[in-house]
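The next block holds one structure in the form of structure tokens; read it before the comments.
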Amino acid sequence: MNRADLNKRPAQVAAMFDEVAAHYDRTNAVLSMGNATLWRVATTRAVAPRAGERILDIAAGTGTSSAALARTGAHVVAADFSAGMIDVGRERHADNPNIEFVQADATALPFEDGEFDAVTISFGLRNVVLPQKALDEFYRVTKPGGRIVICEFSTPPATPIRVGYFAYLNHVMPAIVRLASSNAEAYDYLGESIAAWPAQATLSGWLRDVGYEGVAYRNLTLGIVALHRGIKPILESPAIGLAAAETAS
């Protein structure tokens, strides 16, 4: 069994997701108590895909989120670091010409500057070893005037909710995973990565640092998840590129 740790070595993280790919969506539905579907709907609405647009869905996994984005007629590039996830996704969505699967590293995307009308990532940024470098890459491949949407686990602002949530991660979720997943050890990392992830304001600051404007977030499910948004300015200040380079270094 492969289990990643908070060092987030890319090969280790990819191998872990390769092993859980076949039952990943089912396990997520169970662990989220059905909220995964609601979070996906909220993310799709925030991206607001339109026919003819080119959208990059990073950490797309098996393509469930990509399929939701592609229903409007947008062309969606479903990118993921895990070859196992990509293989499952290609098989499941082989009949959908609007979804293109690409194996890619979020910190070194194999795409041209300004290639996408929108870039989105759901529950994947915290798995990247250098998240600020990944954000710099997202900014690079976003068209001027294009948008970023990030859905990620976050920190519930209310203390009782926060305490109860982390109790669930530490004690209840491991028991559920043993029944629902083929690799229960891999999901130990899930709770650890959520607990170590910074709060909403920090991620918003990172988005501003790389150059996005109009940055805002809203909490979903009492702040267990947060939906972050931003726009790449049409006219980029020369100082932004320097700030982004310094942030990524």
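Residue-wise test of (1) at pLDDT below 95; (2) among the hydroxyl-bearing types (Ser, Thr, Tyr); (3) open to solvent by 70 Å² or more (accessible area, probe 1.4 Å); (4) under 17 Å from the mean Cα position of the chain (by Cα).
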| position | (1), (2), (3), (4) |
| --- | --- |
| VAL163 | yes, no, yes, no |
| ASN170 | yes, no, yes, no |
| ALA186 | yes, no, no, no |
| ALA196 | yes, no, no, yes |
| GLU213 | no, no, yes, no |
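Tallying residues that are surrounded by fewer than 19 Cβ atoms within 10 Å (Cβ to Cβ) and touching a residue at least 24 places away in the same chain (Cβ under 8 Å) within region 55-74 yields 1.
Checking each residue in region 137-148 for being surrounded by fewer than 23 Cβ atoms within 10 Å (Cβ to Cβ) and touching a residue at least 60 places away in the same chain (Cβ under 8 Å) picks out VAL141, LYS143, PRO144, GLY145, ARG147.
In region 93-118, the residues that are of a type in the set (D, E, K, R) form Cβ pairs under 6 Å with partners that are assigned to a loop (DSSP other than H, G, I, E, B), at six or more places apart or across chains, as follows: ASP105/PHE81; ASP117/GLU53. Consider region 215-241 and keep the residues that are in a loop (DSSP other than H, G, I, E, B) and at pLDDT below 95. The one that is least open to solvent (accessible area, probe 1.4 Å) is ILE224. Looking only at residues in region 83-120 that are more than 22 Å from GLY52 (Cβ to Cβ), outside any loop (DSSP other than H, G, I, E, B) and of a type in the set (A, V, I, L, M), which one is most open to solvent (accessible area, probe 1.4 Å)? Among residues in region 83-120 that are more than 22 Å from GLY52 (Cβ to Cβ), outside any loop (DSSP other than H, G, I, E, B) and of a type in the set (A, V, I, L, M), the one most open to solvent (accessible area, probe 1.4 Å) is ALA108.
Do we find that VAL119 is at pLDDT 95 or above and under 15 Å from the mean Cα position of the chain (by Cα) in this structure? Spelling it out, VAL119 is indeed at pLDDT 95 or above and under 15 Å from the mean Cα position of the chain (by Cα).
The values are calculated or read from the model by the stated rules, or taken from the named source; none is laboratory data. Remember, it's a predicted structure, so these values are computed and weren't measured experimentally. Cβ: placed from backbone, ideal geometry, glycine included. Neighbour counts: every protein chain shown. Each accessible area value is taken on the protein alone, full model and side chains, heavy atoms only, with ligands, DNA and RNA left out. Shrake-Rupley method; radii C 1.70, N 1.55, O 1.52, S 1.80 Å.
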